[in-house]
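K.L.:
Mind looking over this structure? Questions follow.
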Amino acid sequence: MSDNVIIRTENLCKYYGDKIHALHNVTAEIQRGEVVVIIGPSGSGKSTFLRSLNLLETATSGKVFFEDVDITDPKVNINIHRQKMGMVFQQFNLFPHMTVLKNLTLAPMKLKKMSKADAEEMALTLLDRVGLKDRADAYPSQLSGGQKQRVAIVRALCMSPEVMLFDEPTSALDPEMVGEVLAVMKDLAKEGMTMVCVTHEMGFAKEVADRVIFMYDGEIEEVGTPDEIFNNPQSPKTPQFLKSIL
Amino acid sequence: MTVLTFAKWIVGAPAWIASLPEGLQRLIFQFYQVFIYENRWKFFTDGLATTFIVTIGALLIGVVIGMIVALIRSTHDNQMRKPNIILRILNSICKIYVTVLRGTPLMVQLLIMGFVVMVPKTSFQTTLCAIITLGINSGAYVAEIARSGIMSINAGQMEAGRSLGLNYAQTMWHIILPQAFKNILPALGNELIALLKETSLVTVIALQDVTKAAQVIVSKAYTAVIPYISLALIYLVLVMILTKLLGILERRLRKSER
Ligand SMILES: Nc1ncnc2c1ncn2[C@@H]1O[C@H](COP(=O)(O)OP(=O)(O)OP(=O)(O)O)[C@@H](O)[C@H]1O
Ligand SMILES: [Mg+2]
């Protein structure tokens, strides 16, 4: 297998009962340094797929390889691998009882045994890059949605992950705040971060994505460069979907 | 021991009392008889000490048991896959524990512990028996309160913690429990207040708590009004102080989110 592949899934299936096939035989690869955007109608399995990558969702069958390790093997300590997979949620999921700084330093201090001083210095540097250094001592409830999501991105970055997973990071935001979060994500992409991103922001996909995965009914319907997907789709369902979200 | 009569008392009473109307004199006599004569107030203070010890001891046991049971129950219910056999057995034990302890009266539990299971001989053993019984009883209520607190935290919090690489226990400890604790503090406060008042039932295993003290004084002074009204006031004041303290704690915790 190419050593440039960071995540690979093999025949991933997720069934709820007999009827609901949230995922059906999904086989995919994510290359190092690549930005992959996942699009598809509601209920097509985008979140389920993304959350299967760090095992927040346990697949019914199939395998997930992360850096060539089968992390679906129950003997594997998933916590170690999750440290290298940052995740950003639609609902931010910041820890409301901690200041921004504490949100950022908790995991590095507990898991990487970083000193408080080192962890805070790193957190402040990263916060500065998203323009929120002055909010370090605020509590999440004192931040706007856009600020919350930028903090959430920084929280994941504080673990120095190999890959970042985004599940509709801008969908819970007021329209005027979408831009600031997308800007941070574009910066990340420019720096070469490996990103897997579920989003409805087609502008972002066209501009930043190396590849776009179009999911339909729990399966990958089509994969291609943004140009292929948006301008020359192979499946008739692709333009149908794209038209529907305009 | 001789019974003090009003006639005997008024003779030796200070002069200023003699000048009061008779009704007031009789009231003062009753107070004298209940609190001062033969240092009877000591029954109340000794009894209060026992009440405190039993309340605090039972609280500690109740919180420890309650937390453990709540963690087992919610961990079991949170499992995505089928929980393993040990967890399932523990969960069943916890369920039975909560059902039995909440399904039988505390009075009956005290009788069983006091006269069937532990059968304490010394007053130390009796105190221990009371603490353990009340603690085990309280644990069942704390467990349900704590479980509801843990369940009330959005699943996204656990996911966020786990996605960073924290394990289940770390996420529970640093992220879920602090938030849950804040949410359940009012309910825990109610449980503490209930516990304090329920310690009055330990009289059935002959423990000398503050309620027993009042009963003893009634039997000595042949009057029930002042001892029992005083007893009620003692509990009332204690509960009001507790309520105040809990309010302060709650406000402190809330402040951290603004
Ligand atoms: N806990 C569950 N129980 C039963 N069905 C579920 C559960 N979670 C998800 N599903 C189903 O699995 C399918 C895929 O859901 P998923 O959340 O992955 O879709 P999605 O593409 O992310 O949709 P959206 O754009 O609305 O977020 C849906 O049909 C959904 O109803
Ligand atoms: Mg989704």
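The values are calculated or read from the model by the stated rules, or taken from the named source; none is laboratory data. What you see is a predicted model; the values in this text were computed from it and never measured. Positions of Cβ are generated from backbone atoms using ideal geometry, with glycine treated the same way; all protein chains shown enter the neighbour counts. For accessibility, only protein heavy atoms count, side chains too; no ligands or nucleic acids. Shrake-Rupley method; radii C 1.70, N 1.55, O 1.52, S 1.80 Å.
K.L.:
Considering the range A:31-47 alone, what residues qualify as being within 10 Å of ligand 2 (Cβ to nearest atom) and buried (at least 19 other Cβ atoms within 10 Å of the Cβ)?
P.N.:
Residues satisfying the conditions are A:Ile38, A:Gly40, A:Ser44, A:Gly45, A:Lys46, A:Ser47.
K.L.:
In this structure, does A:Ser115 turn out to be open to solvent by 30 Å² or more (accessible area, probe 1.4 Å), within 12 Å of chain B (Cβ to nearest Cβ) and at pLDDT 95 or above?
P.N.:
When the stated conditions are applied, A:Ser115 does not pass them.
K.L.:
Considering only the range A:28-43, state which residues are closer than 22 Å to A:Asp227 by Cα and either within 14 Å of ligand 1 (Cβ to nearest atom) or without any contact (Cβ under 8 Å) to a residue 24 or more places away in the chain (or both).
P.N.:
A:Val37, A:Ile38, A:Ile39, A:Gly40, A:Pro41
K.L.:
Of the residues in the range A:86-101, how many are within 8 Å of another protein chain (Cβ to nearest Cβ), out of contact with any Leu (no Cβ under 9 Å at 6 or more places or on another chain), within 16 Å of ligand 1 (Cβ to nearest atom) and of a type outside the set (Phe, Trp, Tyr)?
P.N.:
2
K.L.:
Take the residues in the range B:211-234 that are open to solvent by 30 Å² or more (accessible area, probe 1.4 Å) and of a type outside the set (A, V, I, L, M); name whichever of them is farthest from the chain's Cα centre (by Cα).
P.N.:
B:Tyr222
K.L.:
Further question on the same structure: Among the residues of the range A:48-55, is any away from ligand 1 (no atom under 12 Å from the Cβ) and open to solvent by 60 Å² or more (accessible area, probe 1.4 Å)?
P.N.:
no
K.L.:
For the condition open to solvent by 30 Å² or more (accessible area, probe 1.4 Å), touching a residue at least 12 places away in the same chain (Cβ under 8 Å) and under 29 Å from B:Ile193 (Cα atoms), what is the one hit in B:Ser74, B:Ser123, B:Ser138?
P.N.:
B:Ser123
K.L.:
For a quick check of your reading of the model, give me the residue pairs whose first member lies in the range A:49-69 and is in contact (Cβ under 8 Å) with a residue 24 or more places away in the chain, whose second is of a type in the set (Val, Ile, Thr) and assigned to a helix (DSSP H, G or I), with beta-carbon atoms closer than 8 Å and at least 6 apart or on different chains.
P.N.:
Taking only residues 6 or more apart or on different chains, the pairs are A:Asn54/A:Ile78; A:Leu55/A:Ile78; A:Glu57/A:Thr48.
K.L.:
Being without any contact (Cβ under 8 Å) to a residue 24 or more places away in the chain and more than 14 Å from chain A (Cβ to nearest Cβ) is the filter here; which residues of the range B:79-99 pass it?
P.N.:
B:Ile85, B:Ile86, B:Leu87, B:Arg88, B:Ile89, B:Leu90, B:Asn91, B:Ser92, B:Ile93, B:Lys95, B:Ile96, B:Thr99
K.L.:
Tell me yes or no: at least one residue of the range A:185-194 is within 16 Å of the chain's Cα centre (by Cα), of a type in the set (A, V, I, L, M, F, W, C) and within 16 Å of ligand 2 (Cβ to nearest atom).
P.N.:
The answer is no, given that none of the residues of the range A:185-194 is within 16 Å of the chain's Cα centre (by Cα), of a type in the set (A, V, I, L, M, F, W, C) and within 16 Å of ligand 2 (Cβ to nearest atom).
K.L.:
Give me a count of the residues in the range A:209-222 that are more than 16 Å from A:Asn11 (Cα to Cα), assigned to a strand (DSSP E or B) and either open to solvent by 50 Å² or more (accessible area, probe 1.4 Å) or among the small types (Gly, Ala, Ser) (or both).
P.N.:
Count: 1.
K.L.:
Take A:Met85 and tell me if it is away from ligand 2 (no atom under 16 Å from the Cβ) and out of contact with any strand residue (DSSP E or B) (no Cβ under 9 Å at 6 or more places or on another chain).
P.N.:
Spelling it out, it is not the case that A:Met85 is away from ligand 2 (no atom under 16 Å from the Cβ) and out of contact with any strand residue (DSSP E or B) (no Cβ under 9 Å at 6 or more places or on another chain).
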